[in-house]
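The values are calculated or read from the model by the stated rules, or taken from the named source; none is laboratory data. Model, not experiment: these values are computed from the prediction. Because the Cβ atoms are built from the backbone with ideal geometry, glycine has one as well, and the counts that use them run over all protein chains shown.
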Amino acid sequence: MGAVATMKEPGFFVPKDLRDKARAMRHEPTDAEKRLWSLLRERRLGGRRFRRQHPIPPYIVDFACVEALVVIEADGGQHNASEHDRRRDDFLKRRGWLVLRFWNNDILSNPGGVAEEILRTLGGRTVPHPIPPPQAGEGVTS
């Protein structure tokens, strides 16, 4: 897996316009995004924390579990064989993210099945923290 910059690492920067766009998008979710967020919020799914409309420059993803490097996208018909989505998925994969895509219709008609698939994926995803904790004898001294 390639190097992954997280929001807390030095050098990670989200441009203000991208951050503002992500905030605005949180206020205008689709029906499928609302339904999916009801499954993901407050660590309801596998105890994992998800963020919605999360910026990963230069993109904004629908949902992201940063600790597992999993992106979840709710797709409508406009995403069918989209070249933009393929480029974005390739970009994210090169940075260590796993991208799960679900059709809006599946999210709305079979939320339990979608949740099961996400849980299966999360079960095998642990990513070491990019900055390891201090070893014994290092760090804070008294």
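Give me the residue from region 54-108 that is outside any strand (DSSP E or B) and aromatic (Phe, Trp, Tyr) and, out of that set, farthest from Lys34 (Cα to Cα). It comes out as Phe91.
Under the condition of being surrounded by fewer than 16 Cβ atoms within 10 Å (Cβ to Cβ) and either of a type in the set (S, T, N, Q) or touching a helix residue (DSSP H, G or I) at 6+ places or on another chain (Cβ under 9 Å) (or both), the residues counted in region 31-45 number 3.
This table checks each residue for (1) without any contact (Cβ under 8 Å) to a residue 12 or more places away in the chain; (2) not aliphatic (A, V, I, L, M).
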| residue | (1), (2) |
| --- | --- |
| Leu40 | no, no |
| Gly47 | yes, yes |
| His54 | no, yes |
| Val61 | no, no |
| Ala74 | no, no |
| Arg86 | yes, yes |
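Going through (1) within 23 Å of Asp17 (Cβ to Cβ); (2) surrounded by fewer than 19 Cβ atoms within 10 Å (Cβ to Cβ) one by one, Asp62 falls short only on (2).
Just checking, does region 4-17 include any residue being at pLDDT below 95, not acidic (Asp, Glu) and not in a loop (DSSP other than H, G, I, E, B)? So far as region 4-17 goes, yes, one or more of its residues are at pLDDT below 95, not acidic (Asp, Glu) and not in a loop (DSSP other than H, G, I, E, B). I need the full set of residues from region 36-53 which are of a type outside the set (A, V, I, L, M, F, W, C) and either assigned to a helix (DSSP H, G or I) or over 22 Å from Gly76 (Cβ atoms) (or both), in order please. Passing the criteria: Ser38, Arg41, Glu42, Arg43, Arg44, Gly46, Gly47, Arg48, Arg49. Name the single residue, out of those in region 87-142 being among the small types (Gly, Ala, Ser) and at pLDDT below 95, that is farthest from Arg44 (Cα to Cα). The qualifying residue farthest from Arg44 (Cα to Cα) is Ser142. Cβ-Cβ contacts under 9 Å between residues 6 or more apart (or on different chains), taken from a first residue in region 14-28 that is in contact (Cβ under 8 Å) with a residue 40 or more places away in the chain to a second residue that is among the aliphatic types (A, V, I, L, M) and surrounded by 14 or more Cβ atoms within 10 Å (Cβ to Cβ), are listed as Val14/Ala22; Val14/Ile56; Leu18/Ile60.
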